[in-house]
Amino acid sequence: MMTENRPLFWIIDEEWPDYKLEEQIIYDEFPTAEIKYSSYDYVNDLKSFGKNASVIIAQVYADLPKKTIINLNKCRGIALFGGGYDRVDIVEAAKKEIPVTNVKNYCKEDIAEYVINAILFSAKPLNEFVKSIFDGKWGFPSINVLPHRIDEQILLIIGYGRIGSYVAEKALNMGIKVVAYDPKIEPGNQNSMGIDFVSLKEGLKIADFISIHCNLVKETENLISKTEFCLMKKNCILINTARGKIVNEQNLIEAVKSKKIRGAILDVIANEPPLGKPIPILEEKNIIVTPHISYLSVESIDELKRRATKNAIDMYNGKIPDDVVN
């Protein structure tokens, strides 16, 4: 139950152009609520008003480390706009009895579309074929490498959660054979869709495409490194829509340059956004990097904003949402 006359909702973000939807939801619940806004550089705001925030609603790019959380005097919850929570000290938040929520499963359709698009593009890169016309090539000579049909190839899903399982379902519908690795599922099992669960080592050896869908935690940082690249097939394409630091970028660049694998399509990189000096991962021609857009659609952003704000309201009211991560 609400015990304050005027709860303070603190929004920390640099992504959204406006907060009309969030404001409407908050004011419908708490007509007298106060809403304040900060950029990611919020140190002065923390001192002036943030320390007294009733609830924080933050973009996943906002750092909320221990030194921030220990200064929160009245906070009843931290609601994140997104699935990732690696920039929040969830352990320290738990010590202060501050629940932290992400928004699970809000963009599975969008991620699946991106992964399928990446697979299709790798098989038939239409823009490259267009360029070949201007090089005087037509028909068979315009193709450098003759591709296999999609239904003759294998996709390895790493992380068989809500998003990974949905990507697998969509890939199966296209006729792609799917295998999956998840540390919570014993290798050798097969599910009702006919997906075989394998060890990571086994999956890396047989996959033509690898799509990453696990969370970034201590155990998954640099999960895909030099040893893993050495196991992959030379025609393999790595697709990452999860978190950049799951893949060792220097090892990936070396694997692509040395033709240990064919290439990669990445919607996430280790340091986002890439600013300042030249970024090697952006300069390798057989690595395609997109600006973390795989989750974006009208529908996904609407759901993301609604659910994050609802999570914030629930935590303020003393409820623990299903999306809690700590």
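Structural remarks
- Check on Glu113, more than 28 Å from Ser165 (Cα to Cα) and either within 28 Å of the chain's Cα centre (by Cα) or in a loop (DSSP other than H, G, I, E, B) (or both): no
- Tallying residues that are open to solvent by 60 Å² or more (accessible area, probe 1.4 Å), farther than 20 Å from Asp151 by Cα and not polar (S, T, N, Q) within segment 224-240 yields 2.
- Cβ-Cβ distances below 6 Å connect the following pairs, each with a first residue in segment 308-326 that is in contact (Cβ under 8 Å) with a residue 24 or more places away in the chain and farther than 16 Å from Ile11 by Cα, a second residue that is acidic (Asp, Glu) and open to solvent by less than 30 Å² (accessible area, probe 1.4 Å), and a separation of six or more residues or different chains: Pro321/Asp314.
Results for (1) exposed (fewer than 12 other Cβ atoms within 10 Å of the Cβ); (2) of a type in the set (S, T, N, Q), shown as yes or no for each residue.
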site	(1), (2)
Phe30	no, no
Ser38	no, yes
Phe49	no, no
Asn52	no, yes
Val55	no, no
Val60	no, no
Pro65	yes, no
Ile69	no, no
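- Contacts under 9 angstrom Cβ, first residue in segment 169-196 being on the phi > 0 side of the Ramachandran plot, partner open to solvent by less than 70 Å² (accessible area, probe 1.4 Å) and modelled with pLDDT under 95, 6 or more apart: Gly175/Ile150
- Looking across segment 199-223, the residues that are buried (at least 21 other Cβ atoms within 10 Å of the Cβ), touching a helix residue (DSSP H, G or I) at 6+ places or on another chain (Cβ under 8 Å) and either β-branched (Val, Ile, Thr) or closer than 23 Å to Glu109 by Cα (or both) come down to Phe209, Ile210, Ser211, Ile212, His213, Cys214.
- Among residues of segment 278-292 that are closer than 19 Å to Ala242 by Cβ, those with a beta-carbon under 8 Å from a residue that is hydrophobic (A, V, I, L, M, F, W, C) and surrounded by fewer than 17 Cβ atoms within 10 Å (Cβ to Cβ) at least six positions away or on a different chain give the pairs Val289/Leu282.
- Residues in segment 144-195 that are open to solvent by less than 60 Å² (accessible area, probe 1.4 Å) and over 24 Å from the mean Cα position of the chain (by Cα): Pro147, Ile150, Gln153, Gly175, Asn191, Gly194.
- Single condition Arg243 does not satisfy, out of (1) buried (at least 18 other Cβ atoms within 10 Å of the Cβ); (2) basic (Lys, Arg); (3) over 18 Å from the mean Cα position of the chain (by Cα): (3)
- Only helices (runs of 4 or more DSSP H) whose full extent lies in segment 1-96 are considered here, and the ones with at least 2 residues that are closer than 24 Å to Val268 by Cβ are 90-95.
- Filter result for the condition that a residue is in contact with a Leu (Cβ under 6 Å, 6 or more places away or on another chain), crowded, with 17+ Cβ neighbours inside 10 Å and in contact (Cβ under 8 Å) with a residue 12 or more places away in the chain, over Ala255, Ala264: Ala264
- In segment 85-103, the residues that are touching a Lys or Arg at 6+ places or on another chain (Cβ under 6 Å) and either open to solvent by less than 10 Å² (accessible area, probe 1.4 Å) or in contact (Cβ under 8 Å) with a residue 40 or more places away in the chain (or both): Val103
The values are calculated or read from the model by the stated rules, or taken from the named source; none is laboratory data. Quick caveat: nothing in here was measured; it's all calculated off a predicted structure. Because the Cβ atoms are built from the backbone with ideal geometry, glycine has one as well, and the counts that use them run over all protein chains shown. Quick note on the areas: whole protein, heavy atoms, side chains included, nothing else; ligands and nucleic acids left out. Shrake-Rupley method; radii C 1.70, N 1.55, O 1.52, S 1.80 Å.
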